[in-house]
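To start, the structure under review is shown below, and the notes come after it.
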């Protein structure tokens with residue numbers, strides 16, 4: 001199999017190693033060539049939201065930035081999945097006792 005090399009900064013290298021759990025090659029291939037699984041992505045977002053709610057009072061600026069990023073990811077995912085998939089995901093969110101978030105719920 002051919003080898004491709006790329007240059008990254010030290011901080012990018014560290015981030016890649018953290019994200020990939022040590023297997024950078026497989027991680028990059030998956031990011032480039034695997035079709036994303038919407039259910040896995042939604043589970044990851046829900047996990048991060050739950051983890052964020054447990055943290056000790058983060059600064060308001062950080063919280064706003066995180067919420068903006070999460071809302072953008074949520075909207076991108078909603079635009080890329082079939083309506084049936086979106087409805088199933090929202091039903092799961094409701095089953096967990098959480099409120100379905102709409103873009104109208106947030107102001108810029």
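Every number in this text was worked out from the coordinates using simple rules, so none of it is lab data. Since the structure is predicted, the reported quantities are computational estimates derived from the model, not experimental observations. No Cβ is skipped: glycine too gets one built from the backbone with ideal geometry, and neighbour counts run over all protein chains shown.
Listing for the model above:
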quantity: For segment 68-85 and segment 1-38, distance of Cα centres in Å; calculated: 23
quantity: Overall form of segment 1-45 per C-alpha gyration tensor (a/c, 1.5; a/b vs b/c); calculated: oblate
quantity: Net length gained if the chain between residue 88 and residue 27 were fully extended (0.36 nm per residue, minus Cα distance); calculated: 19.2 nm
quantity: Residue 70 paired with residue 49, simple spin-label distance in nm, labels 7 Å along Cα-to-beta-carbon; calculated: 0.6
quantity: Cα gyration tensor shape of segment 64-104, rounded if a/c is under 1.5, else prolate or oblate by comparing a/b with b/c; calculated: oblate
